[in-house]
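Written out below as structure tokens is the structure these notes cover.
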Amino acid sequence: MMIALSGKNTLQSDWVKLNLSTGFNIKARIGWQGLTTKEYLATGQYLLVTGTDFKNGIIDWSNCWHIKKDRYEQDKNIQLAKGDVLITKDGTIGKVAIVKNIPMPATLNSGVFVVRPMTSHIIPDFLFHVFSSNIFKKFLKELSAGSTINHLYQKDITKFTFQAPSDPKEQQAIVEALSDADALIASLKKLIEKKECILSSVKKNLLEVRGDNSERVVLGDIVTFGKGKHLAKSQLSESGKLPCVHYGELFTKYDAQITEVFSHTNLDQDIVLSKGGEVLMPTSDVTPSGLAKASYLSKPNVVIGGDILIIQPHPQRLYGGFLSEVIRYLENQILSLVSGTTVYHIYAQDMAKFVFKIPAEIRKQRQIVETITNFRNEITALNKELYKAKKVKAGMMQELLTGRTRLI
């Protein structure tokens, strides 16, 4: 397929400007037809589609509720057909899906619009991509004018204007190009899900240590504890002379293994420096689950900020990288050690009671961490590919759906 660049001009001569107020049929379940949750059935012969059933631009039929026949027959305008484009108008505004197949008769709840072109000159799949694009997102943003909208009214959505090739063949070419991009994104998502499932299984097999060459230990018996010192965000500097770890970064930037220290500081007095090999944990958070975080720091001479618990393993008994993985894996036990109500805390005397199993050999502990890290690195690389694929598709949509790039 050849691609011809048409420049940055306005509307192409063979493109048309369309408005949803004419040429489109927009329907939803009206007020008096409202359904109560008591009418949502687990099984039945008639499906009910809600916004929560939208998944990657299509309907997850396995997630749908069912309703009785009389409720399905109540309004023919919202009985779904192949090619219908759906848009959420309540809750999360502007989610989009297209009906590709219908396993059994289906209708809508009150939170979803169905949009149908009234002419064969507009391909439903093209319309779906328009609604999925930044063109429609920009329209919704301008509609809200900076405020949060929690309902999309029909009188508002009919104001939406967009451009389209007058030739359905060009629309189809655009659909095929964007569908190829969607297929790549979907395949990457599926692969990431598969890898994450494998990683979960690997962690279970390796961190729930079994066998004769393992031992049950109490953390306080094989480590020493320390504390970081106050380090304000204002004391962080990109050009600072010393690398540092700020308390908040343990929640946002670091995983179980700290491979790169992101922040620096010029603070050089009354500080705590790492020796290398420590495990760092936040000591307070507004949610208890936030405290089940641990990060292994192999680098020496890193400034460690306040509200950080420093755990220094005895080098002949415990590898810090293994400990950080186990702490994150045994989250429920960590939560049992947490204290507090509004703000939650975990202290050295609490973590000293942490009980877990370790391979007796340090070498084996390192091998386990290496295996887990390799899987994690694969997932990170795939997520980077996914991010790039999404960016490429976003660029394609901006070009193809405005006519700036033509497919001929």
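The values are calculated or read from the model by the stated rules, or taken from the named source; none is laboratory data. Quantities reported herein were computed from a predicted structural model and do not represent experimental measurements. Note: ideal-geometry Cβ built from the backbone for every residue, glycine included; neighbour counts use all protein chains shown.
For the range 51-71, a residue qualifies if it is out of contact with any helix residue (DSSP H, G or I) (no Cβ under 9 Å at 6 or more places or on another chain), surrounded by 12 or more Cβ atoms within 10 Å (Cβ to Cβ) and either outside the structural domain of T88 (by TED's automatic domain parsing) or over 15 Å from D84 (Cβ atoms) (or both), and exactly one does: H66.
Does V369 satisfy being surrounded by 14 or more Cβ atoms within 10 Å (Cβ to Cβ), assigned by TED's automatic domain parsing to the domain that holds L184 and either among the charged types (D, E, K, R) or closer than 16 Å to V202 by Cα (or both)? When the stated conditions are applied, V369 passes them. Within the range 184-222, being under 21 Å from Y387 (Cα atoms), of a type in the set (G, A, S) and modelled with pLDDT of 95 or more holds for one residue alone: S187.
In this structure, D70 does not satisfy being closer than 23 Å to D156 by Cα and either at pLDDT 95 or above or out of contact with any Ser or Thr (no Cβ under 6 Å at 6 or more places or on another chain) (or both). Taking the range 249-277 as the range and being under 28 Å from the mean Cα position of the chain (by Cα) and free of Cβ contacts under 8 Å to residues at least 24 places away in the same chain as the test, the residues that pass are E249, T252, K253, T259, E260, F262.
Annotation note: of N205, N101, the sole residue that is within 30 Å of N383 (Cα to Cα), assigned to a loop (DSSP other than H, G, I, E, B) and of a type outside the set (K, R) is N101.
Per this entry, D255 is counted among residues that are of a type in the set (D, E, K, R), in contact with a helix residue (DSSP H, G or I) (Cβ under 8 Å, 6 or more places away or on another chain), closer than 30 Å to V355 by Cβ and not in a strand (DSSP E or B).
Being surrounded by 16 or more Cβ atoms within 10 Å (Cβ to Cβ), farther than 28 Å from K364 by Cα and small (G, A, S) holds for only one residue in G306, G240, G290, G277, and it is G240. Condition check for D221 on (1) closer than 19 Å to Q333 by Cα; (2) over 30 Å from the mean Cα position of the chain (by Cα); (3) touching a residue at least 12 places away in the same chain (Cβ under 8 Å): one failure, at (3).
The criterion of being farther than 29 Å from T37 by Cα and assigned to a loop (DSSP other than H, G, I, E, B) does not hold for I93. Considering every residue within the range 190-212, establish whether at least one is within 22 Å of the chain's Cα centre (by Cα) and among the small types (G, A, S). Looking for residues that are within 22 Å of the chain's Cα centre (by Cα) and among the small types (G, A, S), one finds at least one in the range 190-212, hence yes. If the condition is being among the β-branched types (V, I, T) and either in contact with an Asp or Glu (Cβ under 7 Å, 6 or more places away or on another chain) or assigned to a loop (DSSP other than H, G, I, E, B) (or both), then the range 108-162 contributes V114, T119, I122, I123, T148, I149, T158. Apart from one condition, T402 fits all of (1) in a loop (DSSP other than H, G, I, E, B); (2) closer than 23 Å to R216 by Cβ; (3) not small (G, A, S); the exception is (2). All but one of (1) surrounded by 20 or more Cβ atoms within 10 Å (Cβ to Cβ); (2) touching a Lys or Arg at 6+ places or on another chain (Cβ under 8 Å) hold for H151; which doesn't? The single condition H151 does not satisfy is (1).
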